[in-house]
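So the structure is just underneath, and the comments pick up after that.
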Amino acid sequence: MSNIPQSTLEKLNEQQAALWQAVTNVVSEAAGKPIKFENPLTLETSVNDLYDEMSSPKLAIQFSFSESPMNQQVILINPDSILHIAEEVLNKKVESVDDAIVTDLRPVCEAIVQGICQAAGSVTGEPVMASGLTARYQIFNFPSNFHADTGMVRVNVAISSSEWRGSVIWLFDEETATTLAPPDESEEFNPFGGSGAPSAATQGSAHEQSPLELLFDVPLQVSVELGRLKMAVRDIVELAVGSIVELDKTAGEPVDVLVNGKLVARGEVVVIEDNFGVRITEIITQQERLQRLNDAA
């Protein structure tokens, strides 16, 4: 087994707390409930070291960074943790894991990978997107880039919610480790294609092909919420023309701006010619969105 430099492992270990905080934020928002990923431990391992653990079925979330599609990575979640996550997300008792449960958990699987990509982008300084994402409950078969005679990185992570604790494993190869933790910080490093500063032509091409731009034309539902009110059915059926419904907001209080049902901003109502509009006065941070999920749990 070729040894991964100790300096690379140390850098990877230093990155993990921030990386899994990003995963916590994205997964909690996708699940609608706080689900924490914490206490990561980074180790060097090998295929031979892992064979015994791979003898039973697990949820295997397999993907790669789009810039290096041959370097497969995998997140492994044991059955007990899958059941707990499913019960949190589906709000019902789940007795066993099957294909239907895995399908229901697909948004959570995607959110885990999205959080990793967000954190990787912060490290590399350029957007990182995932490709080839699959989620299957099976006895895991190692992809071709996980060779028995080469080093791999294993990150053990605790996963928990208010009433349970479990664990996940993140596995990736030596090349991905070097991408996330370049061996020499004194050199300018292009993590997806050699060392040295990129040329102006390369920079222009990267801008033109930015993965984020692929999403610019995706339509989203934007709505403005003036306020809310809970009413009994008997009160609703008694509503008539001229009835006044008192909302939970006072006059002059900012209204909520939601995108696909998620609070993203607050603002004040304005009139533009014959139309109503909203002047944005506050953008909701990701940390505040997570806090709202904690308060709702």
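The values are calculated or read from the model by the stated rules, or taken from the named source; none is laboratory data. As the structure is a computational prediction, the values presented were derived from the model and not from experiment. Heads up, the Cβs are rebuilt from the backbone with ideal geometry, glycines too, and the neighbour counts pull from every protein chain shown.
With respect to LYS58, is the statement that it is buried (at least 19 other Cβ atoms within 10 Å of the Cβ), at negative phi and among the basic types (Lys, Arg) true? Steps first, please.
Values: buried (at least 19 other Cβ atoms within 10 Å of the Cβ): yes; at negative phi: yes; among the basic types (Lys, Arg): yes.
The answer is yes for LYS58.
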Residues (under 28 Å from ALA86 (Cβ atoms) and either buried (at least 16 other Cβ atoms within 10 Å of the Cβ) or not assigned by TED's automatic domain parsing to the domain that holds GLU126 (or both)) located in segment 159-180: ILE159, SER160, SER161, GLY166, SER167, VAL168, ILE169, TRP170, LEU171, PHE172
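Take the residues of segment 143-177 that are of a type in the set (S, T, N, Q) and assigned to a strand (DSSP E or B): which is nearest to ALA18 (Cα to Cα)?
Within segment 143-177, the first condition is being of a type in the set (S, T, N, Q), and the residues that meet it are 144-145, 150, 156, 160-162, 167, 176.
Next, only the ones that are assigned to a strand (DSSP E or B) stay: 156, 160, 167.
Numbers: ASN156: 15, SER160: 17, SER167: 17 Å.
Looking at the filtered set, the residue picked out is ASN156.
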Only unsatisfied item for PHE37, checking (1) in contact with a Pro (Cβ under 9 Å, 6 or more places away or on another chain); (2) assigned to a strand (DSSP E or B), is (1)
Quick test of your reading of the structure: PHE63 fulfils all but one of (1) within 17 Å of VAL157 (Cα to Cα); (2) in a strand (DSSP E or B); (3) not β-branched (Val, Ile, Thr). Name the failing condition by number. (1)
How about segment 237-269: which of its residues are surrounded by fewer than 10 Cβ atoms within 10 Å (Cβ to Cβ), free of Cβ contacts under 8 Å to residues at least 12 places away in the same chain and more than 23 Å from THR281 (Cα to Cα)? VAL237, ALA240, VAL241, GLY242, SER243, ILE244
